[in-house]
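The block underneath contains the structure these notes are about, expressed in structure tokens.
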Amino acid sequence: MWLGWLQVGAILASSVAVAKESGIAHSPPYYPSPWASGPGEWAEAYAKARQFVSELTLAEKINLTTGVGWMQEACVGNVGSIPRLGFPSLCMQDSPLGIRFADYVSAFPAGINVGATFSKQLAYLRGKAMGEEHRGKGINVQLGPAIGPIGRSPDGGRNWEGFSPDPVVSGHLVAETIKGIQDSGVIACAKHFIANEQERFRQAGEAQGYGFNISESSSSNIDDVTMHELYLWPFADAVRAGVGSIMCSYTQINNSYGCGNSYAMNKLLKGELDFQGFVMSDWQAQHSGVSSALAGLDMSMPGDTVFGTGLSFWGTNLTIAVANGTVPEWRVDDMAVRIMSAYFKVGQDKNQVPTNFNSWTRDEYGFEHALVQQNYRRVNEKVNVRGQHASLIRKIGAASVVLLKNNGVLPLKGTEKFTAVIGEDAGPNLWGPNGCPDRGCDNGTLAMGWGSGTADFPYLITPVEAIQSEILSKGEGNIVAVFDNAAKSQIASVASQATVSLVFVNADSGEGYISVDRNEGDRNNLTLWKGGDELIQTVASNCNNTIVVMHTVGAVLVNEWYDNPNVTAILWAGLPGQESGNSITDVLYGRVNPGAKSPFTWGKKAEDYGAPILREPNAGTDAPQIDFKEGIFIDYRAFDKNNNTPVYEFGFGLSYTTFSYSDLKVEILHTRPYTPTEGITEPAPSLGNSSHDFSSYLFPNSVEKVRLYIYPWLNSSDPARASGDPHYGMDPDDYLPPGATDGSPQPLLPAGGAPGGNPSLYDDIYRVSATITNDGKVTGDEVPQLYVSLGGKKDAKIVLRDFERFTLAPGQQVVWTTTLKRRDISNWDPAEQNWVVTKHRKKVYVGSSSRKLHLKARLPRLRGGDD
Ligand code: BGC
């Protein structure tokens, strides 16, 4: 049932009250919604946006904020256009690893592979290349990168779309990705904000489809410290990098919906982080009209309440809400200014390409409005936007291979007498690489997870193809492949003849709307799929040179075979995208020396991760309550805390050479003391003075209506009729949160003050340097990692703070110099509502993994100020 906007506003306001009284987690209200102010690098774009928005009518502004409905235009989301100014509809398109629903595009390695590279430079180059492709297809906003889920639970379905469960890996790589995308003239969208850590229960309707009788999305219940020190951390980096948009999430945060949560959007994102871009809803994640507008949502995606209904919480209803004074016009002005600031910031006024593809067909001709099959025309120009990106994709694929074990058998030469290639994961999907919509199956080699975070492969090089060409090019060896994991006797026979056996195995996961082998997005367990463990054991018991290659979305349990002496090498290749076979072959045959590090921990058992997915509803038919009781202790922080030894630790990865670490130096840099931000904002800028006469918003005669399309206009000058709201006319004072419409100057937050938070959080406090030497015989890459121990009882044993990837020739040394910023040595103080440097003695470590901390030193005490 569709609820009118007034009704929903009232219901949400009262559900907050219920949460408070019943003792379940509660999200405090925070109003008014901060208005953009255009600081620093936003100044020029903001000035242009203000000018642009000042010239718009109310309906035009609202058109910018509201999607026209699912499948009504070319992209997964489009807002309305402004024909009077020849301003086209803005196009939002998935995904974080390339362009979804399009042809002649590249399939890049997934985020988790970028995480494994630990390379800021490759993250940037991938972002730049993806941005170029989006721009070439006429997309305004790329719906990525993903940093939420961050990876609280290793089995979370969408972890692989992001970089790592470590917030600092995530933060550095999201920032570089955003810079890359936006340098190409495309607005990046960091998602999903925030605490959207599992697929199960993310949407009530989806969960009902799986047989769960729940009426609301689950609530991620998080304390303020965990929010700041873990989940918000990479979003701060995204905002500091100038991200143009952020997508709010399906989940509730402390029992208030992500896209209606004033604490999350108004306080954390727009207040503390001083985010200047716009917040768009995830698709159907908006649950209210007035209240989401006042809580900080700026764009409703895809615009309809439920796909294809033709009804919207905004559109007409937002026009009415402004015209009758419920939502102040400055709030809608601010939405439009934020959207247009992002547009101008990335230069779309100068460089935008008209959209030339269509999400809903790969044919050249199709319907402009696919939902209602209206206006048949040329919709797909089949523009090839792949450029030279294949070589970068291959490079990142190889640079993200983590060498977990090597008994001296790698690299191979290609002249081995008999190479067996075993496993379905070595070969093709018999239905073609795009044979399952949104990659919703695990057939053949795995190079991408499933869901909206995908792209169609332009081709997919399988491992067997690349290995076979390698061996044939050397002209000596036999190569025999068996793809059927169940063909035990054939596998045993081939393995027993082989001088080397390469076994390919995988584990898949994805987004909740698709279930693969009864994994409803999240993985049901951490074991290999398709009998992978047994497959490895069959091969290993017949061949004493068994090399395992894993294409998995994250950690899997390897206990059964990793220390088998016949398993001579183990590699994790993640989800490498279209060049999969070439990338792994580069590493296996030594053209590329592996230098990646595991971006997550490989535990001995699932329980060791300590933050399980909530599998069963725990609040009757009400919102399932997911208590983030583990706090900041996820992944390696949990293993360290509980003294659990992993099989392979976070940050671990071998090379064909060896490195040594020496000469740690720590020096205090002179800095100004931490200055909490003070003062007040300007009043909300008012860019319009729209009429309160409803008849001025009636559908113009010139508009040819498309069926079920979302418009800003009214079909009646009676707002009760136009809105269809039976409760129309309730007194706003009865349901609006206090202060929600107040446009007067507001106090700045002490932890705020600039995009990314208080600028003095980013002061360099210490300079740290260390020497890394390649003391082996071949050139290789090493990733020195800097960890800090913050020293308090409630702190993690160590937390990563920086890393860098270097290429070193044999005998070559590098002095890695970096800094610790104030944020790096601070804790969030919930009472102060600010960051503080505690008095606990702090230590710094530089090492090659989270458990190989070769160098350590105490951080010298700071004088005065903070200490
Ligand atoms: C996903 C988003 C995606 C959107 C549009 C949603 O289901 O959660 O990540 O961008 O759909 O396809």
Practice task
Evaluate the stretch 86-102: report whether one residue or more is within 16 Å of the ligand (Cβ to nearest atom) and farther than 21 Å from residue 346 by Cβ.
Solution key: yes
Problem - Test: residue 176 is within 16 Å of the ligand (Cβ to nearest atom) and in contact (Cβ under 8 Å) with a residue 24 or more places away in the chain - result: no
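Just to be sure I understand, how many residues within the stretch 234-251 are open to solvent by less than 10 Å² (accessible area, probe 1.4 Å) and either more than 16 Å from the chain's Cα centre (by Cα) or not aliphatic (A, V, I, L, M) (or both)? Full working, then the answer.
Here is the first cut: in the stretch 234-251, the residues open to solvent by less than 10 Å² (accessible area, probe 1.4 Å) are 234-236, 238-239, 242-249, 251.
Filter once more, so that each one left must be either more than 16 Å from the chain's Cα centre (by Cα) or not aliphatic (A, V, I, L, M) (or both): 234-235, 242, 244-245, 248-249, 251.
Final tally of qualifying residues: 8.
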Handout entry: In the stretch 536-552, residue surrounded by the fewest Cβ atoms within 10 Å (Cβ to Cβ) [restricted to those that are touching a Phe, Trp or Tyr at 6+ places or on another chain (Cβ under 7 Å) and aliphatic (A, V, I, L, M)]
Key = 540
Problem - Verdict on residue 835 being open to solvent by 20 Å² or more (accessible area, probe 1.4 Å), under 26 Å from the mean Cα position of the chain (by Cα) and closer than 24 Å to residue 760 by Cα - result: yes
Fill in the blank from the handout: Of (1) open to solvent by 10 Å² or more (accessible area, probe 1.4 Å); (2) in a strand (DSSP E or B), residue 279 fails just (1)
Handout entry: From the options 182, 203, residue that is within 16 Å of the ligand (Cβ to nearest atom) and open to solvent by 10 Å² or more (accessible area, probe 1.4 Å)
Key = 203
Exercise for the section: Of all residues in the stretch 195-214, count the ones that are touching a residue at least 12 places away in the same chain (Cβ under 8 Å), in a loop (DSSP other than H, G, I, E, B) and not aliphatic (A, V, I, L, M). Expected result: 11
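To keep it simple, each residue is scored yes or no on (1) under 20 Å from residue 137 (Cβ atoms); (2) part of a helix (DSSP H, G or I); (3) hydrophobic (A, V, I, L, M, F, W, C).
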{"residue": "335", "(1), (2), (3)": "no, yes, yes"}
{"residue": "340", "(1), (2), (3)": "no, yes, yes"}
{"residue": "349", "(1), (2), (3)": "yes, yes, no"}
{"residue": "353", "(1), (2), (3)": "yes, no, yes"}
{"residue": "358", "(1), (2), (3)": "yes, no, no"}
{"residue": "368", "(1), (2), (3)": "yes, no, no"}
{"residue": "371", "(1), (2), (3)": "no, yes, yes"}
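Against the condition assigned to a loop (DSSP other than H, G, I, E, B), touching an Asp or Glu at 6+ places or on another chain (Cβ under 9 Å), under 23 Å from residue 801 (Cα atoms) and open to solvent by less than 40 Å² (accessible area, probe 1.4 Å), how does residue 639 come out, does it pass? Step through it out loud before you land on a result.
Numbers: assigned to a loop (DSSP other than H, G, I, E, B): no; touching an Asp or Glu at 6+ places or on another chain (Cβ under 9 Å): yes; under 23 Å from residue 801 (Cα atoms): yes; open to solvent by less than 40 Å² (accessible area, probe 1.4 Å): yes.
Here the answer is no, as residue 639 does not meet what is asked.
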Handout entry: Filter pass, residue 711 being under 30 Å from residue 238 (Cα atoms), open to solvent by less than 40 Å² (accessible area, probe 1.4 Å) and within 31 Å of the chain's Cα centre (by Cα)
Key = no
Problem - Filter result for the condition that a residue is more than 19 Å from residue 584 (Cα to Cα), aliphatic (A, V, I, L, M), open to solvent by less than 20 Å² (accessible area, probe 1.4 Å) and in a loop (DSSP other than H, G, I, E, B), over 447, 455 - result: 455
Completion exercise
Going through (1) in contact (Cβ under 8 Å) with a residue 40 or more places away in the chain; (2) surrounded by 15 or more Cβ atoms within 10 Å (Cβ to Cβ); (3) farther than 27 Å from residue 231 by Cβ one by one, residue 817 fails only at (2)
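The values are calculated or read from the model by the stated rules, or taken from the named source; none is laboratory data. All figures in this text were calculated on a predicted structure; none of them were measured in a lab. Cβ sites come from the backbone with ideal geometry, for glycine too, and all protein chains shown count toward neighbours. Accessible surface is based on the protein model in full, side chains and every heavy atom, while ligands, DNA and RNA are left aside. Shrake-Rupley method; radii C 1.70, N 1.55, O 1.52, S 1.80 Å.
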